[in-house]
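Asks: Provided herewith is a single structure, encoded as structure tokens, for subsequent inquiry.
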Amino acid sequence: MSSFDKHLQSIHDINLSYLLLCQQLIATDKFAAGFRLGLSEETIENLKGLSLLQLMKLAATNQLICRLRVDDTAIVNLTKNSRIEALQQFHTGILLSTDLINALNKQKSHDPRSHK
């Protein structure tokens with residue numbers, strides 16, 4: 001197996017693991033799953049009903065389907081040494097939550113159903 005094929009198989013495995021985790025979190029608590037995964041309600045509803053075969057087909061792509069949410073400089077800077085180490089986890093959570101809320105508000109403002 002070539003290096004490229006190994007990487008591609010790893011991507012498929014990560015995708016399937018991520019999708020299965022999504023379904024588990026959604027089944028446990030849909031609201032918390034949306035918050036933790038950064039997914040819209042529509043995406044959650046779509047994922048909730050997929051069979052294992054459908055999840056496997058969705059996972060079999062050459063790109064990761066999960067998105068890294070720590071792409072903000074402020075979040076990355078939290079990994080650096082701080083005088084208040086204990087607060088870093090809370091601060092990271094606040095920043096990620098703020099990003100998610102802003103994204104959801106932006107999505108709602110572009111949704112024609114929300115302007116009734």
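Every number here is computed from the coordinates shown, using simple stated rules; none is lab data. Just so it is clear, the structure is predicted and the values come from calculations on it, not from any experiment. FYI the Cβ positions are ideal-geometry reconstructions off the backbone, even for glycines, and counts take in every protein chain you see.
Asks: If the limit is 27 Å between Cα atoms, which of LYS48/LYS106; LYS6/LYS57; LYS6/LYS48; LYS30/LYS106 go over it?
Replies: LYS6/LYS48
Asks: Subtracting the Cα-Cα distance from 0.36 nm times the residue separation, let me have the gained length for ARG69 to SER3 in nm, one decimal.
Replies: 21.0 nm
Asks: Simple spin-label model, 7 Å along Cα-to-Cβ: LEU21 to GLU45 in nm?
Replies: 2.6 nm
Asks: So if we plug the beta-carbon distance of HIS12 and SER109 into 1/(1 + (r/R0)^6) with R0 = 41 Å, what FRET efficiency do we get, rounded to 0.05?
Replies: Working from the Cβ atoms, E equals 0.70.
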